[in-house]
Amino acid sequence: MSTLSPKTLKTPPPRHEAHLLLSYPRPHILLLTLNRPKELNSLSRALRIDIGHVLDWFETEPDLWILIVTGAGRVFCAGGDLKPWTEDVMAGTAEGVGRVFKARQGIGSMSRRQSSKPWIAAVNGNGAFGGGAEALLNFDLVVASEKALFGFPEPQIGVVAAASGLERLVRAVGRQLAAELLLTGKSISAVEARDRFGFVNLVVPVDEVVPRAITLAESILENSPDAIRSTKRALSDSYLYGNIEEASRAHVISPESLAVFSGDNIKEGLAAYVEGRRPNWSNPKL
């Protein structure tokens, strides 16, 4: 279900069930709310499919420039819905971790997806765990509730975090800090995630999580969407390539970077600078 879509959208959002809410708090911003509060927003198969379809649409919709994801209720996301998978394990029919790798975009269609647009995680309530924590490590910015906890408890129940979160955590915080989280299965506070581990940007009161995420998105919207997409590509390439030179070469020749110099926004930005006014950005050419 969706709130009224902006008239500026070029294409309507795909159909989806009530476990996923779409809203548009400001021009060019899509707010996606995981809406399975009784199940702690765990990612059922149906929810994962709907998220995938919506994110595919978001990526190609020119009027949407920034994504914010949050959760309804008291937890951002508790990871994958283990109930049906547990039944398969007990019956001896589960596929194992290979099932995770077959999900091209990762858990919830988020943990491995390479988007050309900025993503902000608005981690509400008591935080993110397991696959939910793996997914948020693929976000560009994280705003967290002061009550939020983060953890990878998979080993405590005999399973493995295998949706790219382990590797991203090592890149983000280093081997020893990652090992502390991953090998013990312990949870850390939002303040510790910000000050010691460094994968949270802002820690705010519970009722300010989404508003502060929107404010952060608005500060990004002050910039050229073409330049932001190129910069986002550089951030992603820094993870994907083995060294700085490879990442730099890939970034310079990327479609997002080439579009900067062939688009209208570079002309508008330079003209506004010369004329001493605020630029009036237009939709990038995807």
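Bear in mind these aren't lab numbers, they're just calculated from the coordinates by the rules spelled out. Please read these numbers as outputs of a predicted model, since none were measured by experiment. Please note: Cβ atoms are built from the backbone with ideal geometry, for glycine as well, and neighbour counts cover all protein chains shown.
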In whole Å, what are the extents of segment 225-275 along the principal axes defined by its C-alpha atoms, from largest to smallest? 42, 16, 15
Diffing segment 113-127: the Karplus 3J(HN,Hα) column from phi (6.51, -1.76, 1.60, θ = phi - 60°), in whole Hz with x for Gly and Pro, holds 5, 9, 8, 8, 10, x, 10, 10, 8, 9, 7, 7, x, 8, x
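Determine, for Asp264, Asp207, Asp81, the number of other Cβ atoms within 10 Å of each Cβ, and report the residues in order from fewest to most.
Asp207, Asp264, Asp81
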For segment 1-45 versus segment 208-258, the gap between their alpha-carbon centres in whole angstrom: 23
Pairs over 29 Å Cα to Cα, from Lys83/Lys186; Lys38/Lys285; Lys10/Lys232; Lys38/Lys117; Lys232/Lys267, come to Lys38/Lys285; Lys38/Lys117
With 10 Å bins from 0: P(r) over segment 7-86, alpha-carbon pairs, percent: 18, 49, 26, 6, 0
